[in-house]
Structure formats: structure tokens, C-alpha cells
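> Handing you a structure now.
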Amino acid sequence: MSSLPTKYTVGDYLAERLAQIGIRHHFVVPGDYNLVLLDKLQANPNLTEVGCANELNCSLAAEGYARANGVSACVVTFSVGALSAFNGTGSAYAENLPLILISGSPNTNDASQFHLLHHTLGTTDYSYQLEMAKKITCCAVAIARAHEAPRLIDRAIRHALLARKPCYIEIPTNLSGAECVRPGPISAVTDPVTSDKAALEAAANCAAEYLSGKLKPVILVGPKLRRAGEGAEEALIKLAEAMGCAVAVQPAAKGMFPEDHKQFVGIFWGTVSTDAADSIVHWADALLCVGTVFTDYSTVGWTAMPDIPLMAAEMDHVTFPGAHFSRVRLGEFLSHLATEVKFNNSTMIEYNRLKPDPVLVHTAAPGDELTRKEISRQIQAHIDSKTTLFVETGDSWFNGVQFKLPPGALFEIEMAWGHIGWSIPAAFGYALRHPDRKIVVMVGDGSFQVTAQEVSQMVRFNLPITIILINNRGYTIEVEIHDGSYNKIKNWNYALLVHAFNGEDGNAKGLSARTAGELQDAIKVAEENTKGPTLIECSIDQDDCSRELITWGHFVAAANARPPRLPGV
Ligand code: DPX
Ligand code: MG
């Protein structure tokens, strides 16, 4: 700690807070409004600066880092940078990830002198970026004087950590190096809020009583379970075992309840569910929803919205039919309820009757043309306990949720925000925090084209990420929702592109597979390439998409096409 400054500037203060909350890498794109700030962050020995190709990718890389680390930081310049970074910030909001968006801004004298400035809208009101940030973060602050910085920085970071949402900190270019006071104990920023004891007790009693009056309880797990942290995932396993009931999982929560657990009954995704998850969820007479998110996508165009009253256990409150309890932390609630519930395995008995037999998977001959099913078969064999699988928006979602995750394997999906191109920068950010994990990305050709540059950062940092690029020549998921010529895209030579990213010193490998044998060989190359990313372009027929995608697409299209409701109807 001896190298930490004795006199603090605003930039030093921020750097120290980022390091204290466990950030080891901060993602940046430089610009003249943030250069002094970047110098200050660089000077902190506990932070490593990670440059990104553009601010969209920078924000999505930070989004991925927050998935791995629990919190992340993205540093950009005013407007031209920040407006692009708002997209990844929106993702962090929708996906419940505390991403700290930090933007440089104009010199504090310029607004009062009515100066027109570069990188701005060409008006002299520079508050618009802060106003926009307020809509997509849980706390947005603009530092106008150095002495306010400690209070505002601490406030924004604490809000983000507690709410599991992004925050925004704006620092004028002439304040990053301005002196401010030293930081106080970090516990004031990071200490968790604990449950209100009376509310916790009452919520658990109420839930236990409600469940004891029901015959067929089922637990439905949603993506906010992992985001809640504080031991909520472990507590859920204890509760499930105490209840003995079936546990279904939403697609965005895949892997948050172990798939090898005997009470796991599949992914509940309406008519495109895996195993018999939909049958058992619809058979239930009580549904304990733990961190669930119901959207048009997760409910298959609202066709799979459960039609019984829901008991919703959220990150910081629980709501049951007839009662609401504020300030109840999810982990504490689940642990407490586990000690009060009665064992009732009726839904497991029924599920074991309904459970489909394992599907026999056909193995293609080496010379056979590559198909979607053969790609999945080979990836399934490649997934082990150290794998984290990223599945991109597109048919990769539907192929991804079908995988059987062995213990320890992790699954990442961005189903709420659904930004095509997310998986490449997000996997890059995630890999920096977890270099020990075997990271596999399944991404479509259309998505890859949005953020392809970030493969060059995987090259720069020697990250052995495997990218399975499924080239079906266009936006197939959109074809199933609503077709038109706009769903066609320009084909690229993806394997060669990766070689271009190598420049003179990279270790990336780019391969293309048209047959089952070629894919097998390419996966071997990826396994042996420990010094950089390997991209395998898998060419498949344009119409070779999952049955689930087509079915889901039809229902989502129908929901999109509902005619406007007339007033009073
Ligand atoms: C769009 C989507 O090639 O996957 O499997 O072929 O569908 P599939 P691709 O990656 O194409 C993706 C494409 C265009 N969605 O089908 S899902 C609309 C969209 C989005 N995000 C952004 N822009 C448009 N989801 C940033
Ligand atoms: Mg495609």
C-alpha cells in the first residue's frame, strides 16, 4: 500500500474505491476529456487498464466482467464515447449487474462561459448526458467541484452494489487531477443491507403456511438468483431439498440450480421447454418464483405465463398472494424458509412419470455435411466442469439451453437486453477475470459482425477463448419472427479475418468447418491453442434451425402483431 498517494486527487480517490470493491481490470477508450483520469487510474497498482476497440464493446466487456467479478468499471469520453457505452450500460441494468460507467466531461468553466465544444451537441447545455444516464442507471452523479467527489463517488458505487444495477459518474476534465480528501473505510460503501428481522420472520412463516396448504408446489428459478449473491444459490439448494419438490429453471437462469440434481426438471420456457418442465410447472398448485423475470421472450409471447397466483421471492423483498414483505434479502429468506417448510415430493413423483426418455443422439460420419445437431453433439462432448458457455441472441439461445451442464459448468446468456454481438466482448471481459475457465462462445454470423473487433483484444491478452461461429448466412431468428430481404447479410471470410487480427505477433487461429470431421479436427486445434482465441466458422444450411426457434418465433411474432387496444376495451 506504500505506493498509494499521500495526497489524494479525484482520480486517485476513484481509483482507490474501484480497487477496494474488488475491481482488478477497468475497461477504457481514451478521449481528451478522460486522459488525466486514465493516468490516475493507471497509477493505482491494483488496477489493470484494458483498452477496447470502441465504447460499445468496452461497455459490453465490462458487462461480461461484472458477470465474473460481481462489479466492473467502464471509462469513456464525453458523448461520442458515453452514448455508445450507454448500450452496454442498458444491458447491465436489464441483466442486474453493477457496472460503473465513468465519463470524462468538459472543463468546468465552459458551460458558464457559453463555449461551444467538440464531441457535444453544439449547444451550451452540457447536462444532457447526465440526464440521459439517469434513465439507465440506479444512481447518476456529475462532479462539479473536487470537494464533492468523495461523497458522490461513494454514493453512486454504494447504490450500484446494493441495487445490482449500473451507476454513472461524470468527472470534468479539469477535476480528475484536482485535490480532494482521502477515502474513509470502504465498509461504508460495501457493507450489505441485512433483512429486517420482523419482516424476514413474517415472510418465512407466511410462505411456509401457504405452501403447507398446497398439494403440488414447484420452485421456478430465475436469473436474479445469482445476481442476488449473499449465498442465495446455496440456500436455494437447501430449500429445494427440504421441500423435496420439482425445481424448474428459466432459460436465463440455466445452471443456477445444478442440472445433475435429482430435483432438476428442466428449463421452463413454455412450449419450447426442455424435458417436461412445462408440464410440471402448469400442473403445480403453488409456484415459488425465485428471482424470476417474465418477459415476452421468456414466456414465449405471453403464452407461458403461469396462471396461478405467484409467490415471488425477489432480491430484496417477497410478495405472496395476499401479503408483501419489504427488506427481506433473498439468501436469508431462502435459508430461513428451508427450516420451516414441510417435505412434499408430489411434484417429483409426477415428474418422474412424465419425464421423457433420453434422446439418442445420432453421430455423423466424418464426411457428412455439418448440421446444427452435429455441432451441438460435438460441443456437448467438449463441455466440462471448467467450461463457461456464452450463448448469443439467435438460434444459439435455443441450441444452448438444450445442453446438459455437468457440475461446475457455467452458462451465460443476455436474454433480457438481447443485444446481438454481446457475446464477443462479454466473453472477453469475463475471461480476464477467469483465465482459468474454458470459455466457449456460440455466436451467429449476424451477431459476430456487430462486435467482431473485440476478437483482437482476445488476441492481445492471449486469451484461449473458443468461438463457434454458426454461419447460416443471415438473421435466421428474425426470419422466423418476420421475414424480409433485410434479414440477409454480406458473407465474410471469418477464418481469414481472425488471421488479420493477429497482426505480426498474435496467436489466434481461424478455421472453417463444412463437415463433421472438419469440426472435430478444428475443436482439437482449439483445445491445443492455449495462447489465443480460436474461431471455428461452422457453415450450415440456411434453413437448418431448431424446431424450438421456429415455434417460439411464431408466438413472439403473434404477440408483436397484437392490434392496438381501443380506449376502454
Ligand atoms: C437480430 C437477430 O446470425 O443468428 O441464429 O442466424 O438468428 P441467427 P445471427 O447472429 O443473427 C441475429 C439476428 C437482427 N435481432 O437474427 S437476433 C435484432 C437486433 C438485436 N440487437 C441489436 N440489433 C438488432 N437483437 C443490437
Ligand atoms: Mg445467422
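The values are calculated or read from the model by the stated rules, or taken from the named source; none is laboratory data. On a predicted model such as this, the values are computed, not experimentally measured, just so you know. Reconstructed Cβ throughout: ideal geometry from the backbone, glycine too, with neighbour counts over all protein chains shown. Accessible surface areas use protein heavy atoms only, side chains included; no ligands, DNA or RNA. Shrake-Rupley method; radii C 1.70, N 1.55, O 1.52, S 1.80 Å.
> Scan the stretch 400-410 for residues that are within 16 Å of ligand 1 (Cβ to nearest atom) and either acidic (D, E) or under 18 Å from the mean Cα position of the chain (by Cα) (or both) and jot them down.
G400, V401 - these are the residues of the stretch 400-410 that are within 16 Å of ligand 1 (Cβ to nearest atom) and either acidic (D, E) or under 18 Å from the mean Cα position of the chain (by Cα) (or both).
> Just a yes or no: is a residue in the stretch 129-141 open to solvent by less than 40 Å² (accessible area, probe 1.4 Å), touching a residue at least 60 places away in the same chain (Cβ under 8 Å) and in contact with a helix residue (DSSP H, G or I) (Cβ under 9 Å, 6 or more places away or on another chain)?
no
> Right, next: Being open to solvent by less than 20 Å² (accessible area, probe 1.4 Å) and farther than 30 Å from F398 by Cα narrows it down to one of L330, L337, so name that one. Show your work before the answer.
On the way: L330 fails: farther than 30 Å from F398 by Cα.
Going through L330, L337 in turn, just one is open to solvent by less than 20 Å² (accessible area, probe 1.4 Å) and farther than 30 Å from F398 by Cα: L337.
> Right, something else. Among the candidates I467, I489, I477, which residue alone is within 27 Å of G222 (Cβ to Cβ), within 15 Å of ligand 2 (Cβ to nearest atom) and of a type in the set (V, I, T)?
I477
> Can you tell me which condition I308 does not meet? The list is (1) more than 29 Å from N399 (Cα to Cα); (2) in contact (Cβ under 8 Å) with a residue 40 or more places away in the chain; (3) surrounded by fewer than 18 Cβ atoms within 10 Å (Cβ to Cβ); (4) of a type outside the set (S, T, Y), and all the others hold.
Result: I308 fails condition (2) only.
> Would you mind finding the one in K404, K342, K355 that is under 23 Å from G444 (Cα atoms) and either open to solvent by 30 Å² or more (accessible area, probe 1.4 Å) or aliphatic (A, V, I, L, M) (or both)?
K404
> Anything in the stretch 411-436 that is over 12 Å from the mean Cα position of the chain (by Cα), open to solvent by 10 Å² or more (accessible area, probe 1.4 Å) and within 24 Å of A94 (Cβ to Cβ)? List them, or say none.
Of everything in the stretch 411-436, those that are over 12 Å from the mean Cα position of the chain (by Cα), open to solvent by 10 Å² or more (accessible area, probe 1.4 Å) and within 24 Å of A94 (Cβ to Cβ) turn out to be I420, L432, R433, H434.
> Next up: When you scan the stretch 26-44, how many residues do you find that are within 21 Å of R460 (Cβ to Cβ), open to solvent by less than 30 Å² (accessible area, probe 1.4 Å) and either of a type in the set (S, T, Y) or not in a loop (DSSP other than H, G, I, E, B) (or both)?
5
> In this structure, does T387 turn out to be farther than 18 Å from V71 by Cα, touching a helix residue (DSSP H, G or I) at 6+ places or on another chain (Cβ under 9 Å) and of a type in the set (V, I, T)?
Considered against the rule, which asks whether it is farther than 18 Å from V71 by Cα, touching a helix residue (DSSP H, G or I) at 6+ places or on another chain (Cβ under 9 Å) and of a type in the set (V, I, T), T387 comes out as no.
> Would you be able to tell me the number of residues in the stretch 230-256 that are open to solvent by 20 Å² or more (accessible area, probe 1.4 Å) and either assigned to a helix (DSSP H, G or I) or in contact with a Ser or Thr (Cβ under 6 Å, 6 or more places away or on another chain) (or both)?
Going through the stretch 230-256 one residue at a time, the tally reaches 7.
> Now, a different point. Please determine whether any residue of the stretch 155-168 is open to solvent by 20 Å² or more (accessible area, probe 1.4 Å) and in contact with an Asp or Glu (Cβ under 8 Å, 6 or more places away or on another chain).
no
> Here's a follow-up. With the condition being touching a Cys at 6+ places or on another chain (Cβ under 9 Å), I'd like the strands (runs of 3 or more DSSP E) fully within the stretch 45-111 carrying at least 3 qualifying residues. Show your work before the answer.
On the way: elements: 48-51, 72-76, 99-105.
The qualifying strands (runs of 3 or more DSSP E) are 72-76, 99-105.
> Let me ask something else. Kindly indicate whether any position in the stretch 173-191 is outside any helix (DSSP H, G or I) and closer than 18 Å to D316 by Cα.
Within the stretch 173-191, one or more residues are outside any helix (DSSP H, G or I) and closer than 18 Å to D316 by Cα.
> Is it true that some residue in the stretch 442-449 is more than 10 Å from ligand 2 (Cβ to nearest atom), open to solvent by 40 Å² or more (accessible area, probe 1.4 Å) and assigned to a helix (DSSP H, G or I)?
Residues of the stretch 442-449 more than 10 Å from ligand 2 (Cβ to nearest atom): 442.
Still in the list and also open to solvent by 40 Å² or more (accessible area, probe 1.4 Å): none.
No, there is no match, as no residue in the stretch 442-449 is more than 10 Å from ligand 2 (Cβ to nearest atom), open to solvent by 40 Å² or more (accessible area, probe 1.4 Å) and assigned to a helix (DSSP H, G or I).
> Does the stretch 514-534 contain at least one residue that is of a type in the set (A, V, I, L, M, F, W, C) and outside any helix (DSSP H, G or I)? Full working, then the answer.
Of the stretch 514-534, the ones of a type in the set (A, V, I, L, M, F, W, C) are 516, 519, 522-523, 525-526.
Now restrict to residues that are outside any helix (DSSP H, G or I): none.
No: the stretch 514-534 contains no residue that is of a type in the set (A, V, I, L, M, F, W, C) and outside any helix (DSSP H, G or I).
> For the stretch 435-473, name all the residues that are within 16 Å of ligand 1 (Cβ to nearest atom) and among the charged types (D, E, K, R).
Within the stretch 435-473, D445, E454, R473 meet the criteria.
> Being closer than 17 Å to I439 by Cα, hydrophobic (A, V, I, L, M, F, W, C) and within 16 Å of ligand 1 (Cβ to nearest atom) is the filter here, so list the residues in the stretch 495-548 that pass it.
Answer for the stretch 495-548, where residues must be closer than 17 Å to I439 by Cα, hydrophobic (A, V, I, L, M, F, W, C) and within 16 Å of ligand 1 (Cβ to nearest atom): L535, I536.
> Just one of the numbered conditions (1) open to solvent by less than 80 Å² (accessible area, probe 1.4 Å); (2) within 25 Å of the chain's Cα centre (by Cα); (3) more than 13 Å from ligand 2 (Cβ to nearest atom) is not true of L497; which one?
(2)
Rundown of residues vs (1) in a strand (DSSP E or B); (2) in contact (Cβ under 8 Å) with a residue 24 or more places away in the chain, yes/no style:
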residue	(1), (2)
M348	no, yes
R353	no, no
E374	no, yes
R377	no, no
L389	yes, yes
W397	no, yes
